[in-house]
Amino acid sequence: MTESTLTLPSGDWPTLEPGWVWLCGAGPGDPGLMTLHAVHALREADVIVYDALVSKEILSWAGPETEMVYAGKRGGKPSAKQADISLQLVDLARAGKRVLRLKGGDPFVFGRGGEEAQTLIQHGVPVRIIPGISAGIGGLAYAGIPVTHRDVNQAVTFVTGHDKTGAATQLDWAAMGRAAGVLVIYMGIKHAPTIREGLLAAGRPEDEPVAVVSQATTPDQRVIETTLGAMVKDIDAAAMEPPAIICIGRAVLMRQVLDWQALMRGEAPRDLDPLRRGKPAQEG
């Protein structure tokens, strides 16, 4: 993509000032899901501190002189401590840099953005928050799964697959299993057996539909459709790897009619009425 294609529409765009940090969501993967504020920030920043899930294509949109600092955190792999990342942002801002902290998805959805923003403000560094499309919504939409559907659920629960210790056992899966018809679980692949056992113990049925979406919205996106009972076996059989979103609930059935990427490839819908609503609405 050339610099000319990044020209923003005319308007009163905010200026990334020296000594400021903008905490910005890069979306779930597809560069086209970046917000205009995020694209603007890429062009303004002196230094970009970016996460593991931010693509090279997105980073290529930055100015040629922009300094790139990797600060990715991936479960089970060597990575910087969160406190060190936050203090590095403070140091860069105090050095008079225009700092863009670029995080996958949305910085305030399981992204530690709140911790980083709090540290910055505690040290007197001004911040701006730029939301991004979260993988739990945008990633599932790319798989053809609506997280809400009026025939399925009036609430949706977003939950991380592990707590701050890295374990899933401390999470109250029984309470979450009762709370909403649809569960959207981030970072849950590693703890899929614990999640399955907890939800079954809470009374969720073994045949409840489940979808697992890996590398959502990217060219490497993979989706498996399974059930709560067979979830662990099927994840292992398909060798699904993080980053991945697990969606549990009858909304998953809608993929049979809403898998728009399959439709673009010329495939027919597998079921035009997966929720058995009856005949479609007639034209009036």
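The values are calculated or read from the model by the stated rules, or taken from the named source; none is laboratory data. The model shown is predicted, which means the values in this text are computed figures rather than measured ones. Positions of Cβ are generated from backbone atoms using ideal geometry, with glycine treated the same way; all protein chains shown enter the neighbour counts. For the accessible areas, the whole protein counts, side chains as well, though only heavy atoms, and no ligand, DNA or RNA atoms are used. Shrake-Rupley method; radii C 1.70, N 1.55, O 1.52, S 1.80 Å.
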* Relative contact order, percent, region 137-284 [alpha-carbon distance under 8 Å, six or more residues apart] -> 27
* To the nearest 20 debye, what is the magnitude of the charge dipole of region 168-284 about its Cα centre, counting +1 on the Cβ of each Lys and Arg and -1 on the Cβ of each Asp and Glu? -> 220
* **Local electrostatic count, Asp259, Cβ distance below 9 Å [Lys/Arg +1, Asp/Glu -1]** => +1
* Structure fact -> Contour minus Cα-Cα span, Thr148 to Thr35, at 0.36 nm per residue, comes to 38.4 nm
* Structure fact -> Taking r as the C-beta separation of Gln122 and Glu17 and R0 as 25 Å, the FRET efficiency to the nearest 0.05 is 0.80
* Can you give the charge dipole size of region 98-212 about its Cα centre, rounded to the nearest 20 debye, using +1 on the beta carbon of Lys and Arg and -1 on the beta carbon of Asp and Glu? -> 500
* Structure fact -> Taking only the Cα positions of region 1-150, the convex hull volume per residue in Å³ is 138
* Over 17 Å [Cα-Cα, region 17-97], rounded percent -> 47
* Asked: Just the accessible area for Tyr70, please: 1.4 Å probe, Å², rounded to the nearest 10?
  -> 130
* Asked: So what's the angle, to the nearest 10 degrees on a 0 to 90 scale, between helix 192-201 and the longest Cα principal axis of the chain?
  -> 50
* Asked: If you roll a 1.4 Å probe over the chain with all protein chains in place, what percent of the accessible area is carbon or sulfur?
  -> 53
* region 169-276: trypsin sites (Lys or Arg not before Pro) in DSSP loop, at most 14 other beta carbons within 10 Å -> Arg265, Arg270, Arg276
* Ellipticity estimate at 222 nm from DSSP helix runs (n ≥ 4, -39,500 (n - 2.57)) divided over the chain, nearest 500 -> -6500 deg cm²/dmol
* Asked: Of the GluC sites (Glu not before Pro) in region 1-67, which ones lie in a loop per DSSP and count no more than 16 other C-beta atoms within 10 Å?
  -> Glu65
* Asked: So what is the accessible area of the chain per residue, in Å², with the probe set to 1.4 Å?
  -> 51
* Percent of alpha-carbon pairs separated by more than 17 Å within region 107-214 -> 61
* trypsin sites (Lys or Arg not before Pro) within region 91-152: DSSP coil, no more than 10 neighbouring Cβ in 10 Å -> Arg150
* **Selection from Pro219, Gly72, Val47 lying farthest towards where the dipole of the chain points positive, charges on Cβ** => Gly72
* Specify the inter-centroid distance of region 88-166 and region 207-284, based on alpha-carbon positions, in whole Å. => 25
* To two decimal places, what compactness ratio does region 172-257 give when its Cα radius of gyration is scaled by 2.2 N^0.38 Å? -> 1.01
* Structure fact -> If the chain between Lys56 and Asp91 were fully extended at 0.36 nm per residue, the gain over the current Cα-Cα distance would be 10.1 nm
* Structure fact -> Magnitude of the Cβ-charge dipole (Lys and Arg +1, Asp and Glu -1) of the chain about the Cα centre, nearest 20 debye, reported as 400
* To do: Would you work out which of Ile137, Gln122, Val109 lies farthest towards the positive end of the dipole of region 94-188? Charges go on Cβ: Lys and Arg +1, Asp and Glu -1.
  => Gln122
* **Computed lengthening from Leu8 to Val257, 0.36 nm per intervening residue step minus Cα-Cα distance** => 86.0 nm
* **Cα-Cα separations in region 212-284 greater than 20 Å, expressed as whole percent** => 41
* Charge sum, other residues only, whose C-beta stays under 10 Å from Ala117's C-beta, Lys/Arg counted +1 and Asp/Glu -1 -> +1
* Calculated diffusion of the chain, Stokes-Einstein form, Kirkwood radius summed over Cα pairs, 4 °C and 1.567 mPa s, µm²/s -> 64
* Mean Cα-pair separation over length for the chain, i.e. relative contact order, pairs under 8 Å, 6 or more apart, % -> 17
